[in-house]
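The values are calculated or read from the model by the stated rules, or taken from the named source; none is laboratory data. Computed from a predicted structure; not experimentally measured. Here the Cβ is made from the backbone with ideal geometry for all residues, glycine too, and neighbour counts use every protein chain on show.
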Amino acid sequence: MGTMISSLSVSTITHATEDPEKVKAAILNLLPKGLRNSITVNQTDAKGHHGNPIILLNFEITDPESAKEAFSHILRSLPNTELSQIRDQLNLYYDGKSALFLRIDKQSAYLGSLRLSLSDDVIKLRVNFTRGDLSSISRLISAQLS
């Protein structure tokens, strides 16, 4: 059975010390150029843990073809060492049901290169699958390594 991507969502927090337009550019850098203009980034004013003003930025791609194109682009943009890490430790990124979660370094994304990050200041990526088991998702990732 193949892997079917149903949607992809991206979210991040813009802190008061950050330029919202630069953070918006960073999250759009996750996408292939052809998809960037068709995306509407939602912006929500909120408060952080300590009452500090933050802006939540997010978007979702619900068209399966576009979501697949975006996810393939993200995989191709990550360093091979990190792709191997995702593939080899897939259970750390997959919820076991239908979603894969990656944390992308916000600063690197702004500069146009994608890297995974363990910090709190990240772009959160969620890829939803209509069907997909670990082995088919692993094959999808491995295909980008060749």
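Residues of the range 35-59 being more than 12 Å from V10 (Cα to Cα) and hydrophobic (A, V, I, L, M, F, W, C), which ones?
Within the range 35-59, L35, A46, I54, I55 qualify.
Is it fair to say L83 is touching a residue at least 60 places away in the same chain (Cβ under 8 Å) and either over 19 Å from M4 (Cα atoms) or in contact with a helix residue (DSSP H, G or I) (Cβ under 9 Å, 6 or more places away or on another chain) (or both)?
Spelling it out, L83 is indeed touching a residue at least 60 places away in the same chain (Cβ under 8 Å) and either over 19 Å from M4 (Cα atoms) or in contact with a helix residue (DSSP H, G or I) (Cβ under 9 Å, 6 or more places away or on another chain) (or both).
Consider the range 89-110. How many of its residues are in a loop (DSSP other than H, G, I, E, B) and either loosely packed, with under 13 Cβ neighbours inside 10 Å or touching a residue at least 12 places away in the same chain (Cβ under 8 Å) (or both)?
Adding up the residues that qualify gives 5.
Might you check whether a residue that is of a type in the set (D, E, K, R) and either touching a Phe, Trp or Tyr at 6+ places or on another chain (Cβ under 7 Å) or in a helix (DSSP H, G or I) (or both) occurs anywhere in the range 36-48?
yes
Within the range 112-135, does at least one residue satisfy the condition of being in a helix (DSSP H, G or I), farther than 15 Å from I27 by Cβ and touching a helix residue (DSSP H, G or I) at 6+ places or on another chain (Cβ under 8 Å)?
Let us first name the residues in the range 112-135 that are in a helix (DSSP H, G or I), namely 134-135.
Narrowing further to those that are farther than 15 Å from I27 by Cβ: 134-135.
With touching a helix residue (DSSP H, G or I) at 6+ places or on another chain (Cβ under 8 Å) added as a condition, the list becomes 134.
Yes; the residues of the range 112-135 include at least one that is in a helix (DSSP H, G or I), farther than 15 Å from I27 by Cβ and touching a helix residue (DSSP H, G or I) at 6+ places or on another chain (Cβ under 8 Å).
Just checking, which of L35, L8, L28 is closer than 25 Å to P53 by Cα and either surrounded by 14 or more Cβ atoms within 10 Å (Cβ to Cβ) or modelled with pLDDT of 95 or more (or both)? Give the derivation first.
On the way: L35 fails: closer than 25 Å to P53 by Cα; L8 fails: closer than 25 Å to P53 by Cα.
Just one listed residue meets the conditions, L28.
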